[in-house]
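Enquirer: Pasting a structure here, questions to come.
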Amino acid sequence: MHVSFWEQESFYNNIDYAIIGSGIVGLSAAIELKSKFPKAKVVVLEKGFLSSGASTKNAGFACFGSPTETLDDLSIMSEKEVFTIIEKRWEGLLNLRKLLGEENLGFEQLGSCELFTAADEGIYLKTVEKLHYLNNFLKPIFKEDVFVCKDELIVEFGFKNIAHVIYNKFEGQIDTGKAMKSLLKLAQEKDVEIINGINVNSVNQNNNKVVIGLENFNIETGNVIIATNGFAKQLLPELDVEPARAQVLITKPIEGLKLKGTFHYKQGYYYFRNVGNRVLFGGGRNLAFETENTSEFKLTPIIQNKLNQLLTEVILPYKKNVEIEMRWVGIMGVGNKKTTLVKQIENNIYCAVRMGGMGVAIGSLIGKEVVVLLANKE
C-alpha cells in the first residue's frame, strides 16, 4: 500500500512524540505528554482496531496482591522491594481513579477474598500466622489492617469445597471496556492522534531522530515510547520481558448469583469476579507455564477444561447448567522481576513495559513515569 501526499503531510510528518501501543500505559503517557507539552504533536500507533494486549482483555481487577502472593514475594525479594511494588500499585489505582473518575471507570470497591480449600490447610495456617506481620508491614500505605479472616463469607457466597477466606476491603473492580473508552476519549480531547491498524516492524535511532519502520514506509519522530508490554521483545529483543497468555471466560447472566467482589484462588493462579450477575473467571497458567509464555491468541483445552470444572464444582456449586457466553485471551508482559521496566534505551527511545499482570493497577502511573524520564532529558 502506498501512502498519499495528504496522509504523509497530515498524519505522519512533524511528529514530536510517537507512542507504540494504545493500552493503559500508552494512552496515559500520551495524555501526560500533552499536559507537559501542549503544542507537541503526539501520535499513538496501534496495530489492532483496539488495544491488542491486555488492556481491553483483562479481568478488571483493581487489586494489589493477595496475602499468599505478598508472602511469596517477600520470600524472594527484600521488604523494601515488595513494599515499593505494593505502594506503586496502590498509588496507580488512586491515580487512575483520579484521572478518569470512578464513574467513568465503573469502579466498585466491593473488596476481595483469598480462598483456601481443605487441601490448602497448611498454606492457610502459615498465612494466618503471618497476617499480623503483613498488616503491620502494609500499615504505612493503608493506615489500617488490610487482611482479616472471614470464613462466614463461604456460606454467604455459596461456595463449596472452600474451607477458609481472608478478606481485603481495599481491593475492587472496574469495567474494563468503560475504562478504556474513557481513556481514549480523554486522549482525543487532549488532541492526541491515535492511528490504528499500524504494524511497527522496527525502531531505530538515527542521529537526533527515531525512524519507525512500517510495512511499506517509514515514519520519523523526535522521540518514541514503546508501550507494547508483552509484545515489546519483538521490537527490543534485549529486554527482559516475555509474553504471558491469560485465558478468560464469562458466563451468561445467572439468576440469584450470590458472589460479589473479586476473588483470588490457588495463590492467585485463578481469579474470578462478578460482572453484574455474571461470573468472569480466568487463570490456570500454572497448568502449562511453557506453553502459556506465548503471544499467540489461542484457547487451550487443558486450561479451559479446568476453568469449567472449578466454575461448577467450587464457584457455582448451587447452580446447574451454567452457560458460558464468551471465552478470550489477553497477553501480559512478565519477566524475571516483578518490577516494571521503565528506561531509556537510546537517546530518543524509551520503553514502559513489564506490568506483570498488574496493568490496571499500575498502568496509568507507569505512563506518567516514562514521561517524567523523557522530560528530564528534554
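The values are calculated or read from the model by the stated rules, or taken from the named source; none is laboratory data. As the structure is a computational prediction, the values presented were derived from the model and not from experiment. So basically every Cβ, Gly included, is an ideal-geometry build from the backbone, and we count neighbours across all protein chains shown.
Enquirer: Report whether or not Ala62 is among the hydrophobic types (A, V, I, L, M, F, W, C), at pLDDT below 95 and either under 19 Å from the mean Cα position of the chain (by Cα) or surrounded by fewer than 16 Cβ atoms within 10 Å (Cβ to Cβ) (or both).
Expert: In short, no.
Enquirer: Hey, can you tell me all the residues within the range 107-122 that are surrounded by 18 or more Cβ atoms within 10 Å (Cβ to Cβ) and farther than 12 Å from Val148 by Cβ?
Expert: If the condition is that a residue be surrounded by 18 or more Cβ atoms within 10 Å (Cβ to Cβ) and farther than 12 Å from Val148 by Cβ, then Phe107, Glu108, Leu115, Phe116, Asp120 are the ones that fit.
Enquirer: Oh, and also: Please count how many residues of the range 223-257 are crowded, with 17+ Cβ neighbours inside 10 Å and of a type outside the set (A, V, I, L, M, F, W, C).
Expert: 10
Enquirer: What are the pairs with Cβ atoms under 9 angstrom where one residue, in the range 42-55, is β-branched (Val, Ile, Thr) and the other, located anywhere, is part of a loop (DSSP other than H, G, I, E, B)? Sequence gap at least six, or different chains.
Expert: Listed by first residue and then by second, the contacts come to Val42/Lys190; Val42/Asp191; Val42/Val192; Val43/Val192; Val44/Gly21; Val44/Ser22; Val44/Val192; Val44/Ala227.
Enquirer: Quick check on the range 1-38: of everything there that is exposed (fewer than 13 other Cβ atoms within 10 Å of the Cβ) and modelled with pLDDT of 95 or more, which residue is nearest to Gly222 (Cα to Cα)?
Expert: Among them, the one singled out is Pro38.
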